[in-house]
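Here's the structure we're looking at; comments come further down.
The values are calculated or read from the model by the stated rules, or taken from the named source; none is laboratory data. Since the model is a prediction, treat every value here as computed from it, not as a measurement. When we count neighbours, we look across all protein chains shown, and the Cβ atoms used for this are built from the backbone with ideal geometry, even at glycine. Areas reflect the complete protein model, heavy atoms only, side chains present, ligands, DNA and RNA absent. Shrake-Rupley method; radii C 1.70, N 1.55, O 1.52, S 1.80 Å.
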Amino acid sequence: MSAETIPSFRLRVPYSVEANWKIAVENYLECYHCPVAHKSFSAVVETSPDTYRLEENDGRWSQYSVARDGDGRAQFHLLWPTTRVNVFPGTVNLSIGPLHPDGPERCSGFLDYFFGEDVSEEDIRDLLELDDEVGREDRGLVESVQRGVRSGLLERGRLMPESEVLVAGFQRKIAATLGAS
């Protein structure tokens with residue numbers, strides 16, 4: 001890799017979510033909601049089940065896809081227990097950061113953004129706007145789920161085996177870590 005392609009730190013974006021950390025992480029680990037909830041994201045990243053690949057390794061859950069316009073690949077990873085690593089298709093970019101619990105119904109984190117030296121300010125702005133939009137949409141989703149959990153109407157939910165493989169793996173890791181069976 002030449003020096004021109006090594007991403008440089010550009011900015012840190014902090015955020016908080018009024019939802020349980022586990023709910024927020026589980027939302028990050030699946031994208032079957034993307035075509036409906038994230039129209040802009042799904043216009044950039046191919047989200048069809050045939051193309052959007054899920055991969056589970058011990059302590060790492062990964063999602064891989066390609067750009068709809070053919071310009072690159074996307075990858076999104078969770079490293080146990082809290083680190084998220086994101087690469088969008090297109091220009092040289094990387095975002096990385098933790099998501100940690102602040103209490104039973106709140107979590108927070110930040111993303112550090114890195115871009116290649118030759119990435120234009122316009123391309124940086126466009127990617128940050130897209131990522132911010134997806135973040136706002138996800139915040140609304142997980143905060144809604146948190147309100148549902150708080151209501152106590154459902155004891156537990158059911159996973160969709162093909163779409164939520166990573167969520168199931170994450171839940172197994174939590175259970176193993178806590179010593180639950």
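Just to be sure I understand the filter: pairs with C-beta atoms under 7 Å, separated by 6 or more residues or on different chains, first member in the range 126-137 and modelled with pLDDT of 95 or more, second member surrounded by fewer than 18 Cβ atoms within 10 Å (Cβ to Cβ) and assigned to a helix (DSSP H, G or I). Which pairs pass?
That search, which allows pairs on different chains as well, returns 130/40; 133/40; 137/37.
Against the condition of a type outside the set (Lys, Arg) and either touching a helix residue (DSSP H, G or I) at 6+ places or on another chain (Cβ under 6 Å) or more than 18 Å from residue 16 (Cβ to Cβ) (or both), how does residue 90 come out, does it pass? Before you say what the answer is, go through the steps one by one.
Working: of a type outside the set (Lys, Arg): yes; either touching a helix residue (DSSP H, G or I) at 6+ places or on another chain (Cβ under 6 Å) or more than 18 Å from residue 16 (Cβ to Cβ) (or both): yes.
Considered against the rule, which asks whether it is of a type outside the set (Lys, Arg) and either touching a helix residue (DSSP H, G or I) at 6+ places or on another chain (Cβ under 6 Å) or more than 18 Å from residue 16 (Cβ to Cβ) (or both), residue 90 comes out as yes.
Quick one: which helices (runs of 4 or more DSSP H) sit completely within the range 20-131 and have at least 2 residues that are farther than 25 Å from residue 156 by Cα? Full working, then the answer.
On the way: elements: 21-28, 34-37, 39-44.
Result: 39-44.
Could you grab me the full set of residues in the range 132-168 that are within 22 Å of residue 83 (Cα to Cα), in a loop (DSSP other than H, G, I, E, B) and not polar (S, T, N, Q)?
164, the sole residue that qualifies.
Would you pick out the residues in the range 141-179 that are farther than 22 Å from residue 77 by Cβ, touching a residue at least 12 places away in the same chain (Cβ under 8 Å) and open to solvent by less than 80 Å² (accessible area, probe 1.4 Å)?
Kept after step one, since they are farther than 22 Å from residue 77 by Cβ, are these residues of the range 141-179: 143-158, 178-179.
Restricting the remaining residues to those that are touching a residue at least 12 places away in the same chain (Cβ under 8 Å) gives 143, 145-146, 149-150.
Correct list: 143, 145, 146.
Being in a strand (DSSP E or B) and small (Gly, Ala, Ser) is the filter here, so list the residues in the range 1-19 that pass it. Give the steps one after another, and end with the answer.
Within the range 1-19, the subset in a strand (DSSP E or B) is 8-17.
Answer for the range 1-19, where residues must be in a strand (DSSP E or B) and small (Gly, Ala, Ser): 8, 16.
When you scan the range 83-118, how many residues do you find that are touching a residue at least 24 places away in the same chain (Cβ under 8 Å) and open to solvent by 30 Å² or more (accessible area, probe 1.4 Å)?
Residues in the range 83-118 being touching a residue at least 24 places away in the same chain (Cβ under 8 Å) and open to solvent by 30 Å² or more (accessible area, probe 1.4 Å): 14 in total.
Would a scan of the range 29-40 turn up a residue that is at pLDDT below 95 and among the acidic types (Asp, Glu)?
Yes, that holds for at least one residue.
Consider the range 66-82. How many of its residues are open to solvent by less than 20 Å² (accessible area, probe 1.4 Å) and in contact (Cβ under 8 Å) with a residue 24 or more places away in the chain?
Final tally of qualifying residues: 3.
Would you mind stating whether residue 25 is over 28 Å from residue 106 (Cα atoms) and aliphatic (A, V, I, L, M)? Walk me through it before giving the result.
On the way: over 28 Å from residue 106 (Cα atoms): no; aliphatic (A, V, I, L, M): yes.
When the stated conditions are applied, residue 25 does not pass them.
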